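The block underneath contains the structure these notes are about, expressed in structure tokens.
The values are calculated or read from the model by the stated rules, or taken from the named source; none is laboratory data. Computed from a predicted model, the values in this text were never measured in an experiment. Cβ sites come from the backbone with ideal geometry, for glycine too, and all protein chains shown count toward neighbours. Remember, those area values only see protein heavy atoms, side chains included, never the ligands or the DNA or RNA. Shrake-Rupley method; radii C 1.70, N 1.55, O 1.52, S 1.80 Å.
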Amino acid sequence: MSIPSETVIEAERLSKRYKCGHLALDDVSLTVKKGECLGIAGESGSGKSTLARCLLAIESQDIGKIMRNGTMQAVFQNPSASLNPKLKVIDSLMEPLDGGKIAYPSFLSHFREDRRKTAEFLLKLVDIPGSYLDAYPHQLSGGQKQRISIARAISVEPSLIILDEPTSSLDVSVQANILNLLKDLQEDFGLSYLFISHDLAAVRFMSQRIAIMQRGKIVEHFASEELFSEERHPCTQQLIAVFES
Amino acid sequence: MNQFLLRHPKSIIGLLVVSFVLMIVSVSYIAPYDPNHVTMKERLLPISSEHWLGTDHLGRDIFSRILVGARTTVGTSLLILMCSLLIGIPIGLFSGYIGGRFDRVLMKIVDAFMAFPDYIFAIVLSGLLGPGMFNLIFAIVIVKWVGYTRLVRSTVITEKHKEYVLLAKINGLRSFQILKKHMIPHIMGNVLVLATLDLGKIILMIAALSYIGLGAQPPTAEWGSMLNEGKAFFYNAPLLMVIPGLAIMLFVLMSNLLGDYLRDKFDVKSKKVGI
Amino acid sequence: MPLLTISNLSINHVDSKIVDNVNLELQAGEWHALVGESGSGKSVTAFSIGRLLPSELEVQSGSIKFKGTELTSLAEKELRKKRAKEIAYIFQDYQGALTPFMKIGKQFDELLYTHTDWTKSERKEKISQILHRVGLQAERTLNSYPFQLSGGQVQRAVIAMSAILEPKLLIADEPTTALDSLTSGTVLDLIQDLQKQTNCAVLFITHDLRLVKKYGETVSVMKHGRIVEHGSKKEIFESPEHPYTKQLLASVPPLRNVPHRLNTGYKKEEAI
């Protein structure tokens, strides 16, 4: 049951059928290596989000197994729902560390014992002024909320961050800034990502490898540079055609 | 402070209610006469400088009885409210959060309670249990907790699937911690509003049950039972009914206004400004 | 004569300008993309054409001429006629565009009954024709309630409904924002087919420049209530002049020649 140390997550032959009969995952296998970004693209209803939830252990698969190396964190699509509107920014931001179960990671170790200083530093990493710590989510823009969700995710230096459509509900220029931020953080901290989106261009921008999902299956799986290779599956070509006239 | 009051005229009402409660609770200790002291020579006296609101059919000072009665009536209704909250909120939280069969069974019970009009239910229940303050409290709590369970449950059900709850689970928070940290702040606003509006209804219910003889027993001073005792003398001495009636009306009015004010106050955040 | 001329349009919300001195011209049959981010005033501009503004927004000045008729001062009754027959809208929320408790056939028929003097059989013929055109089975769709159709079918039905009276102007306000990229493509293809068949003009409101690249003919870029740049698709994409247009273009990740970072003009520590 052990996996090589350079692998952060390995899912083997996952299947899941919902009670209504819908087959959400159909024999899905994937591996994410340390420091890389695996992209998953597909239309809505292709099973991307179910996959994310199974990998995060929020839902359980019917068949198959998942082996994880270390902690997982997630950033979801809707920034407003990702922060509890009744809690101050600092209380949402510090939730992973507040539990006391996870030790402060090395990049935060010199703030030890000082919750507020740690929180300020985390906000600084995502370009948000420390004065926002006592603000409530409704005082922030969508992009700012998403930045805070990202800061929260990196606070425990997780071995994998699952990004489930993290930019889909944001304005174009905000999307671009968030993508840049994610890329910068990945380089600075050597993070591993699983980047899920219906937007093939965003997936291409972020990932070294791309998997395409359709009707619960991973139909193909290739290195990003090979996106325009002629052997691509019709489903991939369809996704490309949306952007290319 | 003054500016705050001017900008929020309804907050004056809140202050009034608070001072009203404080006043009656403290003044009950300095009531001019013993509320239960019977002086048959002084029965049914009109308003005078000695007896500010006159005396009743047993010569007891009505003003003192109203003050002491406030303690019984307001105190009892606050106690009932507390008990309803303490039963209703946790059940609603767990039922909504756990869901599944537990929730379905509980909601059937709640539906059964809600199927009966609350007055009828309370009357039947305290009738079966027999007259007395304790039984009255019990009967009204049984009627009232379901409202809070429903309210809390529906909020929890809409919130529990939001991403921040998923993230809390990912971060290893246990269900109890999620309820405490994430759900309670969501329900408190609504619960507070419902509670203040309910306070008025509970007082009316206590008064109603006491009026028909199921609540406070003589000689306890209680607004509802004062009404009950006064009804035989309504033509000769209407004050016996008018005064406790007015006291009940004022208190119910104030608690409703406070509820309205709180509702507006908690709405502010959800209002979107601009477009 | 242009089909639609908006000149010096300003719209206020209390004291703040939502739309600030906007000029826009649409020729018959033209597909014009109005591009902007949230809060740019693009949707408000679109709303103002059919006078659909919420009451707290008010047209401060300017004129909106449709086929030479001034819309801002037109009587409500005349405007209503125009709105159904000549100016059609498609919104982001497709489900909300149909009445949930009425069969789709009846909804189509009522629309035609109100706005045309066609006989019953003519109406039926026309409805079947348009449903067929958007790729739906006429009989089945007409006898269904909206909830019995899939999301994609509802989209098609709604688009068919806005096109059935052959409007001269179709205003599509973020018709793809809630959809994934494949479905967006299908919806826009459909609108494009209808545009070609009926020669209506399309005012396409969007924040996604990639869709504009594929579907627009002329483009206006809006920011903070003003149109900052406007030109043909070729001009905007190949030689943008305004810094904001350049920034928007650079924000979109490309599929080929992927840069290491997107050049958004965003600097660290800047006001976010």
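Below are the figures for this structure:
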{"read-out": "Any pair with Cβ under 6 angstrom, 6 or more apart, that starts in segment C:102-117 at a residue that is modelled with pLDDT under 90 and ends at one that is open to solvent by 80 Å² or more (accessible area, probe 1.4 Å) and in a helix (DSSP H, G or I)", "value": "C:His115/C:Lys85"}
{"read-out": "Any hit, segment C:168-189, residues being within 11 Å of chain A (Cβ to nearest Cβ), charged (D, E, K, R) and free of Cβ contacts under 8 Å to residues at least 12 places away in the same chain", "value": "yes"}
{"read-out": "Hey, A:Phe107 aromatic (Phe, Trp, Tyr) and out of contact with any strand residue (DSSP E or B) (no Cβ under 6 Å at 6 or more places or on another chain) or not", "value": "yes"}
{"read-out": "A:Lys124 vs. criteria surrounded by fewer than 16 Cβ atoms within 10 Å (Cβ to Cβ), away from chain B (no Cβ under 14 Å) and either more than 30 Å from A:Asp171 (Cβ to Cβ) or in contact with a helix residue (DSSP H, G or I) (Cβ under 8 Å, 6 or more places away or on another chain) (or both)", "value": "yes"}
{"read-out": "Check on C:Ser150, farther than 25 Å from A:Val172 by Cβ and open to solvent by 10 Å² or more (accessible area, probe 1.4 Å)", "value": "yes"}
{"read-out": "Which numbered condition C:Arg51 fails, given (1) closer than 18 Å to C:Pro167 by Cβ; (2) without any contact (Cβ under 8 Å) to a residue 40 or more places away in the chain; (3) open to solvent by less than 60 Å² (accessible area, probe 1.4 Å)", "value": "(3)"}
{"read-out": "Residue in segment B:240-258 that is over 15 Å from B:Leu81 (Cβ atoms), at pLDDT below 85, of a type outside the set (Asp, Glu) and assigned to a loop (DSSP other than H, G, I, E, B) present", "value": "no"}
{"read-out": "Residue in segment A:87-104 that is more than 14 Å from every other protein chain (Cβ to nearest Cβ), at pLDDT below 90 and out of contact with any Cys (no Cβ under 6 Å at 6 or more places or on another chain) present", "value": "yes"}
{"read-out": "Test: residue in segment B:211-222 that is in a helix (DSSP H, G or I) and touching a residue at least 24 places away in the same chain (Cβ under 8 Å)", "value": "no"}
{"read-out": "Segment A:57-86, residues that are acidic (Asp, Glu) and either facing another protein chain (nearest Cβ under 8 Å) or over 14 Å from B:Lys169 (Cβ atoms) (or both)", "value": "A:Asp62"}
{"read-out": "Of all residues in segment B:108-122 being touching a helix residue (DSSP H, G or I) at 6+ places or on another chain (Cβ under 7 Å) and open to solvent by less than 80 Å² (accessible area, probe 1.4 Å), the one that is nearest to B:Ile157 (Cα to Cα)", "value": "B:Val110"}
{"read-out": "Only one of B:Leu179, B:Leu214 that is open to solvent by 10 Å² or more (accessible area, probe 1.4 Å) and at negative phi", "value": "B:Leu214"}
{"read-out": "Total residues in segment C:185-207, condition open to solvent by less than 40 Å² (accessible area, probe 1.4 Å), under 16 Å from A:Leu239 (Cα atoms) and modelled with pLDDT under 90", "value": "2"}
{"read-out": "Selection from segment C:136-147 of residues that are open to solvent by 40 Å² or more (accessible area, probe 1.4 Å) and not acidic (Asp, Glu)", "value": "C:Gln137, C:Arg140, C:Asn143, C:Tyr145, C:Phe147"}
{"read-out": "Filtered residues of segment B:67-94 (kept if open to solvent by 10 Å² or more (accessible area, probe 1.4 Å), within 25 Å of B:Gln177 (Cβ to Cβ) and not hydrophobic (A, V, I, L, M, F, W, C))", "value": "B:Pro90"}
{"read-out": "Matching entry among C:Pro240, C:Pro259 (being more than 20 Å from the chain's Cα centre (by Cα), open to solvent by 10 Å² or more (accessible area, probe 1.4 Å) and at the interface with chain A (Cβ under 9 Å from one of its Cβ atoms))", "value": "C:Pro259"}
{"read-out": "So A:Gln214, is it out of contact with any Leu (no Cβ under 6 Å at 6 or more places or on another chain), surrounded by 18 or more Cβ atoms within 10 Å (Cβ to Cβ) and under 30 Å from A:Pro105 (Cβ atoms)", "value": "no"}
{"read-out": "Those strands (runs of 3 or more DSSP E) lying entirely in segment A:1-92 with at least 1 residues in contact (Cβ under 8 Å) with a residue 40 or more places away in the chain and open to solvent by 50 Å² or more (accessible area, probe 1.4 Å)", "value": "A:7-17, A:23-33, A:63-68"}
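One line per residue, one yes/no per condition, for (1) of a type in the set (A, V, I, L, M, F, W, C); (2) under 30 Å from C:Leu34 (Cβ atoms); (3) open to solvent by 10 Å² or more (accessible area, probe 1.4 Å):
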site: C:Lys126; (1), (2), (3): no, no, yes
site: C:Val134; (1), (2), (3): yes, yes, no
site: C:Ile164; (1), (2), (3): yes, yes, no
site: C:Lys168; (1), (2), (3): no, yes, yes
site: C:Ala172; (1), (2), (3): yes, yes, no
